[in-house]
Amino acid sequence: MLILIVILTFMVIIIGMILNRITLYSIRRNTRRAKDIATIMQRTLNDNNYVVSLNLKNHLAYNLYGDFLPAEGISYEHSLEFIHPDDRHLYTEFITRLVKGAESSECLFRWDSSLDKHENNWRYIHDIGIVEYDETDKKTPINFYCTLNDQTEQIETEKEERELTDRYRKLFEQSIVGQAFYDKDGHLLTANQKLREILKFETDTDPYYQRYTIFELPTFRYILKRDATEDLYFCTKTVIFERGVNCYTEIRVHPIYNEIQELEFFTLYIRDISQERELYLQDKKNEVSLQRTNQEIEQYETELKYLMENIDMRFFRTSFEKQEITFYREMNVIEKKMGFDELITHFVDEPFVEGLRHLQEFFNEPKSTLTHMRSIFDESSQLQWNFIDSLPYYDEEGKQTGTYGVVRNVTKLINKQEQLKEETERANQSGMRKSTFLASMSHEIRTPLNAIVGFSDVLATMSTPEEREGIIQVISNNCDMLLRLVNDILALSSLENGDIIITPQKTDFVKCFESVGTSLAQRVKNPNVEFIMDSPCSSYITTIDSGRIQQVITNFVTNAIKYTHQGHIKIGYEQQERHNKDGLYIYCEDTGDGIPKEHQSKVFDRFVKLNDFVQGTGLGLSISKIIADNSGGEIGVTSEGKGCGSTFWIWIPCKQETNHDYEEI
């Protein structure tokens with residue numbers, strides 16, 4: 001019996017120990033699982049916005065942290081409806097990777113945060129998934145825990161930064177000033193289109209300019225120091241024989257230092273001022289011409305003074321009793337004597353002749369008269385201008401017996417006065433034209449420059465991308481306006497100098513037309529205006545000055561953009577015969593303000609602006625007319641009147657040629 005009791009006791013102890021171990025094992029397992037979940041939650045709560053769990057048995061997802069999903073949860077299949085259709089395959093691949101045994105996986109997709117409202121309020125969600133496996137079967141996943149991070153603002157910010165960078169790149173490429181960046185050792189990093197044009201790059205990365213540093217280029221060899229601390233400004237004649245560069249330039253080199261005052265880059269700005277120099281030289285010539293005119297005026301004034309002091313003058317005396325007049329070259333030497341009837345025959349001014357018929361009443365008081373008359377003292381048949389001053393004289397009884405005075409031949413004086421008047425008027429008109437032009441140009445140039453400088457200063461203070469984008473657009477538009485203004489001024493200088501020359505060359509007009517059309521389409525910023533190109537030919541080989549024709553098309557479209565606020569601007573061409581000659585008819589049709597009939601004949605005159613509230617110099621259409629005339633063509637405008645749109649056109653004589661005679665340059 002005792003032995004049985006001992007055995008039973010021992011078995012109870014053994015069973016107790018076994019139960020205790022089972023209990024300890026369960027506690028440890030649950031503790032380890034709790035730690036795993038706690039670790040997941042800790043990572044999520046520290047680094048992310050939302051945490052959700054997906055139960056693989058019932059395919060239901062619930063919020064563990066945050067309110068990403070509806071409070072009651074959502075099925076996996078239903079959740080796919082809120083993922084952007086283009087991103088659903090990314091999400092299903094993400095889930096598949098977790099199902100196939102990946103410990104974790106990541107995915108970026110767009111999620112409609114409006115959920116059942118389906119308002120397409122797409123948010124960029126970064127999802128990191130971790131798998132929880134069944135304790136009894138380590139290969140069977142039972143739950144997915146997903147940490148969700150809303151990265152919409154970050155992604156949109158990065159997108160805006162990229163767009164802003166692209167805009168700055170565009171501004172850099174389209175600048176009217178040549179720009180380039182060099183490293184601290186003078187090696188070329190990048191150069192914009194304008195600089196490549198000025199220095200005649202053979203390719204965008206011309207090996208010549210890559211091979212030599214900025215310190216080795218002829219223009220900078222002796223003046224630019226490697227340890228430069230200040231900006232270098234100078235004007236020079238830039239000559240690079242290897243690339244055929246030979247022009248006058250304005251140059252600025254700006255060293256860029258980092259925050260610890262170490263040199264990192266050089267910025268180069270270069271501007272071709274050859275045409276401006278020619279314009280300046282021409283202006284100096286005009287100044288010399290104006291000075292010469294003023295000197296001539298002074299000379300005319302001196303001659304006039306001499307004539308007044310030494311004028312062809314005679315004295316005269318009349319006698320009412322004898323009805324005669326006596327002329328004296330000198331006071332006491334009679335030169336000629338004649339009766340009143342003969343005297344009257346020499347005058348041609350009818351009012352004066354009528355007065356002489358009643359001489360006593362006519363000269364009963366002092367008179368000064370300028371009259372046109374035939375010569376009295378020679379046989380000349382030409383009429384003369386004479387200035388007659390007369391005074392009545394009386395006898396002792398106070399009765400008027402005659403007159404006396406002087407007659408001066410002022411024909412030369414009158415002619416000189418007319419000549420002086422013409423020269424003065426010409427000088428005044430020249431000065432007025434110059435003043436008007438300078439005033440107009442000063443106003444036109446100052447307007448875009450003020451906008452560029454002002455908005456450039458404001459740009460750095462803008463806090464939102466929308467504000468920065470608006471200001472950058474204003475700066476870009478004013479840069480384009482300033483470029484067109486400078487082109488108009490240079491073109492006007494060429495017209496004044498007689499230097500505008502038409503140089504026809506064999507070319508494919510269709511390519512020229514499509515090239516300028518593509519460029520001009522970028523200038524139409526108004527979303528309400530459609531830009532249309534009508535090119536009926538695939539190729540049109542002919543001999544014309546394509547550069548001048550592109551200039552005319554540009555002037556037409558620029559003018560149309562200013563006055564067209566909705567509708568379309570359409571450019572096109574067609575073959576057309578005029579005056580028994582083949583030619584091209586090129587037009588620009590718009591739905592803008594239109595031109596009244598009474599103003600259509602004036603639009604091609606210089607400085608004509610029908611709307612003073614629209615910026616421009618009033619030179620583009622005048623320049624286009626000169627190009628048309630010098631090309632032997634015609635130019636015109638058709639419009640039904642104000643508010644009906646306009647069509648500007650030009651016809652250039654040319655003949656289509658065969659393709660095999662044409663070599664593309």
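Kindly indicate whether Gly178 is of a type in the set (Gly, Ala, Ser), surrounded by fewer than 15 Cβ atoms within 10 Å (Cβ to Cβ) and within 31 Å of the chain's Cα centre (by Cα).
no
Could you please find all residues in segment 512-535 being surrounded by 16 or more Cβ atoms within 10 Å (Cβ to Cβ) and part of a helix (DSSP H, G or I)?
If the condition is that a residue be surrounded by 16 or more Cβ atoms within 10 Å (Cβ to Cβ) and part of a helix (DSSP H, G or I), then Cys512, Phe513, Val516, Gly517, Leu520 are the ones that fit.
Hey, can you tell me all the residues within segment 46-65 that are touching a residue at least 24 places away in the same chain (Cβ under 8 Å) and over 12 Å from Cys146 (Cα atoms)?
Asp47, Leu56, Lys57, listed by residue number.
In segment 200-209, how many are open to solvent by 10 Å² or more (accessible area, probe 1.4 Å) and in contact with a strand residue (DSSP E or B) (Cβ under 6 Å, 6 or more places away or on another chain)?
1
Of all residues in segment 119-134, how many are open to solvent by 60 Å² or more (accessible area, probe 1.4 Å) and in contact (Cβ under 8 Å) with a residue 24 or more places away in the chain?
Counting residues in segment 119-134 that are open to solvent by 60 Å² or more (accessible area, probe 1.4 Å) and in contact (Cβ under 8 Å) with a residue 24 or more places away in the chain gives 2.
Which of (1) over 21 Å from Arg196 (Cα atoms); (2) of a type outside the set (Ser, Thr, Tyr); (3) in contact with a strand residue (DSSP E or B) (Cβ under 7 Å, 6 or more places away or on another chain) is the odd one out, the single condition Val288 does not satisfy?
Val288 satisfies all of (1) over 21 Å from Arg196 (Cα atoms); (2) of a type outside the set (Ser, Thr, Tyr); (3) in contact with a strand residue (DSSP E or B) (Cβ under 7 Å, 6 or more places away or on another chain) except (3).
How about segment 135-157: which of its residues are among the aliphatic types (A, V, I, L, M) and buried (at least 18 other Cβ atoms within 10 Å of the Cβ)?
Leu148
Are any of the residues in segment 213-231 in contact with a helix residue (DSSP H, G or I) (Cβ under 6 Å, 6 or more places away or on another chain) and surrounded by 15 or more Cβ atoms within 10 Å (Cβ to Cβ)?
Among the residues of segment 213-231, not one is in contact with a helix residue (DSSP H, G or I) (Cβ under 6 Å, 6 or more places away or on another chain) and surrounded by 15 or more Cβ atoms within 10 Å (Cβ to Cβ), which makes the answer no.
Is at least one residue of segment 564-582 of a type in the set (Val, Ile, Thr), in a helix (DSSP H, G or I) and modelled with pLDDT of 85 or more?
No: segment 564-582 contains no residue that is of a type in the set (Val, Ile, Thr), in a helix (DSSP H, G or I) and modelled with pLDDT of 85 or more.
Evaluate segment 279-300: report whether one residue or more is within 33 Å of the chain's Cα centre (by Cα) and surrounded by 16 or more Cβ atoms within 10 Å (Cβ to Cβ).
The answer is yes; a qualifying residue exists.
Can you go through Glu160, Glu81, Glu103 and tell me which one is acidic (Asp, Glu) and either surrounded by fewer than 13 Cβ atoms within 10 Å (Cβ to Cβ) or at pLDDT below 80 (or both)?
Glu103
Please go through segment 401-413 and pick out each residue that is within 15 Å of Thr302 (Cα to Cα) and open to solvent by 30 Å² or more (accessible area, probe 1.4 Å).
Lys412
Hey, among Leu263, Leu189, which residue is over 30 Å from Asn428 (Cβ atoms), modelled with pLDDT under 90 and open to solvent by 70 Å² or more (accessible area, probe 1.4 Å)?
Just one listed residue meets the conditions, Leu189.
Mind telling me which of the residues Asp488, Asp545 ends up being at pLDDT below 80 and closer than 30 Å to Glu276 by Cα?
Asp488
Do we have Gln551 as part of a helix (DSSP H, G or I), of a type outside the set (Lys, Arg), over 20 Å from Cys644 (Cα atoms) and in contact (Cβ under 8 Å) with a residue 40 or more places away in the chain here?
Yes.
Please work out if Ile544 is among the hydrophobic types (A, V, I, L, M, F, W, C) and open to solvent by less than 30 Å² (accessible area, probe 1.4 Å).
Criteria met by Ile544.
Being at pLDDT 70 or above, farther than 30 Å from Glu161 by Cα and outside any helix (DSSP H, G or I) is the requirement here; does Ile502 meet it?
yes
Checking the conditions here, which among Arg167, Arg110 is over 30 Å from Thr236 (Cα atoms) and at pLDDT below 85?
Among Arg167, Arg110, only Arg167 is over 30 Å from Thr236 (Cα atoms) and at pLDDT below 85.
Of all residues in segment 177-190, which are hydrophobic (A, V, I, L, M, F, W, C) and under 15 Å from Arg252 (Cβ atoms)?
Listed by number, the residues that qualify are Val177, Ala180, Phe181.
Here's the yes/no breakdown for (1) assigned to a helix (DSSP H, G or I); (2) open to solvent by 20 Å² or more (accessible area, probe 1.4 Å); (3) at pLDDT 85 or above; (4) over 15 Å from Thr564 (Cβ atoms):
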position	(1), (2), (3), (4)
Lys609	no, yes, no, yes
Ile623	yes, no, no, yes
Ile626	yes, yes, no, yes
Gly632	no, yes, yes, yes
Ile635	no, yes, yes, yes
Gly643	no, yes, no, no
Phe648	no, no, yes, no
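Give just the number: which of (1) open to solvent by 80 Å² or more (accessible area, probe 1.4 Å); (2) more than 30 Å from Thr302 (Cβ to Cβ); (3) at pLDDT below 80 does Gly355 not satisfy?
With (1) open to solvent by 80 Å² or more (accessible area, probe 1.4 Å); (2) more than 30 Å from Thr302 (Cβ to Cβ); (3) at pLDDT below 80 applied to Gly355, the lone miss is (1).
Between a residue in segment 375-387 that is touching a residue at least 24 places away in the same chain (Cβ under 8 Å) and any residue that is in a strand (DSSP E or B) and small (Gly, Ala, Ser), which pairs come within a Cβ distance under 8 Å, given they are 6 or more apart or on different chains?
Short answer, once both residue conditions are applied: none.
I'm told Thr236 meets every condition in (1) open to solvent by 70 Å² or more (accessible area, probe 1.4 Å); (2) assigned to a strand (DSSP E or B); (3) out of contact with any Lys or Arg (no Cβ under 6 Å at 6 or more places or on another chain) except one. Can you identify the failing condition by its number?
(1)
The values are calculated or read from the model by the stated rules, or taken from the named source; none is laboratory data. Values in this document were obtained by computation on a predicted structure and should not be read as measured data. No Cβ is skipped: glycine too gets one built from the backbone with ideal geometry, and neighbour counts run over all protein chains shown. Heads up: the accessible areas ignore ligands, DNA and RNA and are worked out on the full protein's heavy atoms, side chains in. Shrake-Rupley method; radii C 1.70, N 1.55, O 1.52, S 1.80 Å.
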